[in-house]
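Contents: one structure, followed by commentary.
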């Protein structure tokens with residue numbers, strides 16, 4: 001879809017209705033339009049998003065796993081860690097700070113929403129077997145500071161992928177802005 005939109009902007013003689021139809025098909029057809037994709041390293045370094053518009057709704061989506069510790073079976077995702085001693089995924093490691101092996105935003109731990117299987121609704125304190133978690137976010141005209149919290153991050157490897165996606169209402173406003181821009185140019 002992004003390629004078609006880019007081509008539409010380059011071709012001065014395209015029909016505006018086609019442009020709107022392409023964007024609306026993406027919105028109504030369930031296509032995800034990513035505002036930004038960020039790779040967050042497991043080594044504890046902070047990475048930053050672009051500025052999120054004040055008052056606009058976003059969905060922050062984290063996915064993937066990374067390795068922590070020297071144990072070859074020690075893995076974590078954005079919210080849960082694998083307890084290799086008991087062979088289960090747990091939300092908080094016993095004896096460690098509450099924000100352990102979590103993706104934190106602006107140095108704050110959040111309860112990411114997980115789903116027990118693909119297609120289920122996202123809920124708090126739920127392990128996602130596909131390692132996908134979401135968090136609704138209200139933009140405040142500032143970037144997000146993203147990092148994986150681990151008190152001992154020097155033995156970590158890998159990364160998590162974070163997608164910052166505008167909610168459909170925000171995306172609709174972007175479409176209207178694009179149409180207005182095109183009408184003024186015509």
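Couple of notes before you dig in:
- In the set (1) surrounded by 14 or more Cβ atoms within 10 Å (Cβ to Cβ); (2) more than 18 Å from residue 36 (Cβ to Cβ), the condition left unmet by residue 145 is number (2).
- Filtering the range 74-95 to residues that are modelled with pLDDT of 85 or more, at negative phi and surrounded by fewer than 12 Cβ atoms within 10 Å (Cβ to Cβ) leaves only 88.
- Scan the range 106-120 for residues that are assigned to a loop (DSSP other than H, G, I, E, B), within 14 Å of residue 62 (Cβ to Cβ) and in contact with a strand residue (DSSP E or B) (Cβ under 6 Å, 6 or more places away or on another chain) and the total you get is 4.
- Selection of the range 37-46 for residues being surrounded by fewer than 16 Cβ atoms within 10 Å (Cβ to Cβ) and at pLDDT 95 or above yields 37, 39, 45, 46.
- Output for the range 131-166, where each listed residue is out of contact with any helix residue (DSSP H, G or I) (no Cβ under 9 Å at 6 or more places or on another chain), more than 11 Å from residue 62 (Cα to Cα) and assigned to a loop (DSSP other than H, G, I, E, B): 140, 141, 143, 144, 150, 151, 152, 156
- Every listed requirement among (1) at pLDDT 90 or above; (2) surrounded by 12 or more Cβ atoms within 10 Å (Cβ to Cβ); (3) at negative phi is met by residue 153 save one, (1).
- Restricting attention to the range 64-73 and to residues that are more than 19 Å from the chain's Cα centre (by Cα) and touching a residue at least 60 places away in the same chain (Cβ under 8 Å), the residue that is surrounded by the fewest Cβ atoms within 10 Å (Cβ to Cβ) turns out to be 70.
- Flag if residue 105 is within 19 Å of residue 52 (Cα to Cα), crowded, with 20+ Cβ neighbours inside 10 Å and modelled with pLDDT of 85 or more: no
Let's see how each residue does on (1) under 19 Å from residue 136 (Cα atoms); (2) touching a helix residue (DSSP H, G or I) at 6+ places or on another chain (Cβ under 8 Å):
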{"site": "42", "(1), (2)": "no, yes"}
{"site": "45", "(1), (2)": "no, no"}
{"site": "48", "(1), (2)": "yes, no"}
{"site": "56", "(1), (2)": "yes, yes"}
{"site": "64", "(1), (2)": "yes, no"}
{"site": "71", "(1), (2)": "no, no"}
{"site": "77", "(1), (2)": "yes, no"}
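The values are calculated or read from the model by the stated rules, or taken from the named source; none is laboratory data. Since the structure is predicted, the reported quantities are computational estimates derived from the model, not experimental observations. Here the Cβ is made from the backbone with ideal geometry for all residues, glycine too, and neighbour counts use every protein chain on show.
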